[in-house]
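Chemist: To start, I am sharing the structure in question, which I have written as structure tokens.
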């Protein structure tokens with residue numbers, strides 16, 4: 001049975017990073033995939049609400065390095081990129097002053113760098129934590145860190161979708177959202193389409209945008225990439241966008257969950273049992 005479980009987890013490994021690099025000078029990172037459905041076309045989800053960043057400067061070199069490592073890890077011997085100097089421009093203009101870290105993680109590493117980045121951000125919060133994610137299935141350390149922040153008087157605002165693209169994942173998300181509400185968090189259900197944005201903002205000072213969801217799959221099974229940005233101006237812009245999304249959202253309360261049917265509550269608790277592989 002143990003071997004079967006390990007094999008099942010291996011089948012779940014996947015590249016979930018969403019990065020694009022142009023001439024080694026411009027980089028894109030965030031939650032957008034490439035496809036018409038992610039523009040809200042030909043999809044039952046309607047408008048697709050996502051967040052992606054355009055960058056230039058030294059941070060793009062880190063994104064380029066990550067792409068080349070991923071390429072060589074999967075390419076055939078005759079497709080390996082050996083001479084990679086051509087992909088790194090000699091002169092990089094630095095038009096901005098933002099401090100940016102490109103952080104990647106995956107099952108090829110013993111350290112969950114993005115998860116640790118989240119936890120460091122949550123633990124450092126003094127006023128407010130904002131989380132926007134389509135899937136909220138935290139492991140125990142993440143959940144406990146958020147609960148400690150709430151007990152310390154830090155305001156926590158979480159936004160999740162109003163509809164499932166994966167039923168089990170959505171019901172588990174509802175279960176953990178209710179847990180946060182019990183500890184005093186504000187939870188919003190986005191009604192303007194399908195929320196796919198993956199954003200965390202701390203104290204209007206630091207933010208991260210990337211491919212990693214707030215779930216165990218992103219922490220352990222997926223290959224992810226996030227930008228951690230230490231810039232008050234960008235954090236403010238992201239918070240303003242979050243507040244605009246709040247205007248299109250329903251705030252969930254304990255009464256909302258109390259009024260759900262016994263069957264719905266069962267589905268949420270049952271889905272929670274599969275959290276490690278959702």
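Any read-out appearing in this document is the output of simple, stated calculations on the displayed coordinates, not a laboratory observation. Being a predicted model, the structure only gives us computed values, none of them experimental. Counting neighbours? That spans all protein chains shown, and the Cβs are built from the backbone with ideal geometry, glycine included.
Chemist: If R0 is 30 Å, what FRET efficiency do you get for residue 119 and residue 274 from their C-beta distance, rounded to 0.05? Numbers along the way, then the final one.
Modeler: Details: r = 23 Å, r/R0 = 0.77.
The pair residue 119/residue 274 has a calculated efficiency of 0.85.
Chemist: Mind checking the full-extension length gain between residue 148 and residue 260? Use 0.36 nm per residue of separation minus the Cα-Cα distance, one decimal, nm.
Modeler: My answer for the length gained is 37.5 nm.
Chemist: Also, I was wondering about something else. Tell me, in nm to one decimal, what length is gained between residue 191 and residue 23 on full extension, where the rule is 0.36 nm per residue of separation less the Cα-Cα distance?
Modeler: Answer, rounded to one decimal: 56.7 nm.
Chemist: Turning to a different aspect of this structure: Tilt of helix 232-246 relative to the longest C-alpha principal axis of the chain, in degrees (0 to 90, nearest 10)?
Modeler: It works out to around 40 degrees.
Chemist: For the range 185-278, rounded, prolate or oblate, judged on the Cα gyration tensor with a ≥ b ≥ c (square roots of eigenvalues), a/c < 1.5 rounded, else prolate if a/b > b/c? Don't jump to the answer; show the numbers that get you there.
Modeler: Working: a/c = 2.70, a/b = 1.35, b/c = 2.00.
Because a/c hits 1.5 or more and a/b fails to exceed b/c, the range 185-278 counts as oblate.
Chemist: Here is a follow-up. May I have the extent of the alpha carbons of the chain along their three principal axes, as whole Å values ordered from largest to smallest?
Modeler: 61, 50, 40
Chemist: Okay, next question. Rounded to the nearest 500 deg cm²/dmol, what is the calculated helix-only ellipticity per residue at 222 nm for the chain, with -39500 (n - 2.57) per DSSP H run of length n ≥ 4?
Modeler: Mean residue ellipticity at 222 nm (helix-derived): -11000 deg cm²/dmol.
Chemist: Taking 7 Å along the Cα-to-C-beta vector as the label spot, tell me the residue 127-residue 101 distance in nanometres, rounded to one decimal.
Modeler: It is 2.2 nm.
Chemist: Return one number: the angle in degrees, 0 to 90 and rounded to the nearest 10, between the long axis of the Cα atoms of helix 167-182 and the longest principal axis of the Cα atoms of the chain.
Modeler: Taking Cα atoms only, the helix is inclined about 70 degrees.
Chemist: Which percent, to the nearest 5, of DSSP beta bridges fully inside the range 124-278 are antiparallel?
Modeler: That works out to approximately 60 percent antiparallel.
Chemist: Of the beta bridges DSSP finds with both residues in the chain, what % are antiparallel, to the nearest 5? Numbers along the way, then the final one.
Modeler: On the way: 33 of 49 bridges.
Once the DSSP bridges in the chain are tallied, antiparallel ones form about 65 percent.
Chemist: Which angle between 0 and 90 degrees, to the nearest 10, do you get for helix 140-151 versus the longest principal axis of the chain when only C-alpha atoms count?
Modeler: 60
Chemist: What's the FRET efficiency of residue 244 with residue 82 using the Cβ-Cβ distance as r and R₀ = 35 Å, to the nearest 0.05?
Modeler: Values: r = 47 Å, r/R0 = 1.35.
Between residue 244 and residue 82 the formula returns 0.15.
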